[in-house]
Amino acid sequence: MIITGKVEKFTIIEPRSVRLKGDINHRIREIVEIIPIEKYPYKIIGVNAEKRGIFKLKLRKAKNSEKLKYLFTIENLRKESGFYSDIIYIKTNSKIMPVYKIKVISEITGKYVKIIENKKVNKRLRKGKKRMKK
């Protein structure tokens, strides 16, 4: 069977896949833009990952945008170096495409260093800031 015809886009996802790369002691994240095409409107009703605990997921609507646009942040949570991958599922109320998949690959390098807070130093710094405000 051969099917011919025009294929229409009904959403823009940029980038289509995510590659996180960086040192474990730095914030490693990527923002994905999801823009529904006006002809095929939909709302995002849920976001989840296939695996748990690898990435932090945050979805929000863009504020200063004329058209509906979602900004989806994917951030590394792992504290061990290595290669990790996952699939993120974007659930919509669309009958045409109820779920979008975004593939995420991360390459985390380095050794995790936990920063220990010195409460006495922080307390002195806060007092110094209060004096400056007066």
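Fully extended, how many nm does the chain gain between E14 and V99 (0.36 nm per residue separation, minus their Cα-Cα distance)?
Answer, rounded to one decimal: 29.0 nm.
Could you work out the Kirkwood radius for the chain, taking every pair of different alpha carbons, averaging 1/r and inverting it, reported in Å?
Kirkwood radius, the chain: 18.0 Å.
So how long is each side of the range 1-71 along the principal axes, counting just the alpha-carbon atoms, biggest first, in Å?
50, 38, 20
Kindly state, to the nearest 0.05, the FRET efficiency for I37 paired with I3, given R0 = 30 Å and r defined as their beta-carbon distance. Please report the intermediate quantities before stating the final value.
Working: r = 22 Å, r/R0 = 0.72.
Once the sixth-power term is evaluated, E becomes 0.90.
All of the numbers you see were taken from the coordinates with simple rules; none came from a lab. Keep in mind it's a predicted model, so treat the numbers as computed, not measured. Heads up, the Cβs are rebuilt from the backbone with ideal geometry, glycines too, and the neighbour counts pull from every protein chain shown.
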